[in-house]
1. For the pair residue 150 and residue 375, what calculated FRET efficiency results from E = 1/(1 + (r/R0)^6), where r is the Cβ-Cβ distance and R0 = 51 Å, to the nearest 0.05?
2. Take residue 307 and residue 65, extend 7 Å from each Cα along the Cα→Cβ direction, and tell me the distance between the two endpoints in nm.
3. Please state, rounded to one decimal and in Å, the Kirkwood hydrodynamic radius that the range 37-128 gives when every pair of distinct Cα atoms enters the mean of 1/r.
4. In nm, give the distance between the simple-model label positions of residue 394 and residue 179, each being 7 Å from the Cα along the Cα-to-Cβ direction.
5. Order by neighbour count: 154, 159, 215, 107, fewest other Cβ atoms within 10 Å first, most last.
6. For the range 91-231, state the semi-axes of the equivalent ellipsoid (square roots of 5 times the eigenvalues of the alpha-carbon gyration tensor), sorted largest first and rounded to whole angstrom.
7. Given 0.36 nm per residue, what is the gain on full extension from residue 300 to residue 140 after removing their alpha carbon distance, in nm?
8. I need the calculated FRET efficiency for the pair residue 320 and residue 186, taking r as the beta carbon distance and R₀ as 35 Å, to the nearest 0.05.
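Derivation of every value follows stated rules applied to the coordinates shown; laboratory data play no part. As the structure is a computational prediction, the values presented were derived from the model and not from experiment. All Cβ positions, glycine included, derive from the backbone under ideal geometry; neighbour counts span all protein chains shown.
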């Protein structure tokens, strides 16, 4: 991001986009109205950073990780949030709805429930306490529930690297950007493709903030609870080695009981949440809704000014792909509920084909919609450099 800002600053030196192919009138408009190429890119990158790096709340990492490993762990989640932000929204929704179930069923506080979902509680042997099966175990389940209930919320939040103020500032950054784009559209000022892509991130980011508002941020060490016992040698479950494709599916739709066993690990997976009983729940519907909204925002630039016709059609095609794909993928759990023997083989082939063909296509479209807005900065219309006339809405400013 710093390299991008530096390059743009050199292009817009002395407040002018001197290297852009604009007429003299366009440059005069740029100088008189105050918006420069550097300020446009700076505002977009600041919002994207808030929408991805600051808003992502990782689960508790494995013990004894150094700073570089922790940074890389969070950076990977940031990249996933940029390529498939609706997946991050679904993950946040899974943990939110899962924490609500824990509050209702086991009388945990909201903070305790979120900490449980993110792998924040471990046994004295170092194994995560992160599944309902552990809480309902006939031998130690009741004791684990009481131990978690006794953990003070302030002790948990003391481990958090973020508070209401810091989260609120990042949220306001996104809301302010949305207001600016709405005002520019109302005054018929051009909105750059980079701003359209950033607007989509800002809108999706609101869902993430709402779901993770009470989740501790940046916790690096768990809290030990429960009796000082270790699993019997005959009951230890060997860890399951998942393929890369299975990890992608698990991150998108959640982990099943046969894919992750707390007694065989020292931390929860990056996209772990409490297993839900319903096959199709609110998170699946939210995945379709948010993914569609994210794509529709990109489609709003359907008639925007592009440097070439080829780039225009590439943008339109990619926007259609990311708009339709989440809704199609969200139908898979509904299709999986069909238990007709006659349709089993056909349905399985169809689901496999959709995932194999759709996933690379979606990822390619997302990468295009990240790179293309940066390429379009080389030739912007004159009105893109004009500021919003805020006195239209707020007199005397």
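1. Computed FRET efficiency for residue 375 and residue 150 comes out at 0.35.
2. Inter-label distance under the simple model: 3.8 nm.
3. 15.2 Å
4. Here the answer is 0.6 nm between the modelled labels.
5. So the residues, fewest neighbours to most, are 154, 107, 159, 215.
6. 40, 14, 12
7. Contour length minus Cα-Cα distance gives 52.1 nm.
8. Efficiency computed from Cβ-Cβ geometry: 0.85.
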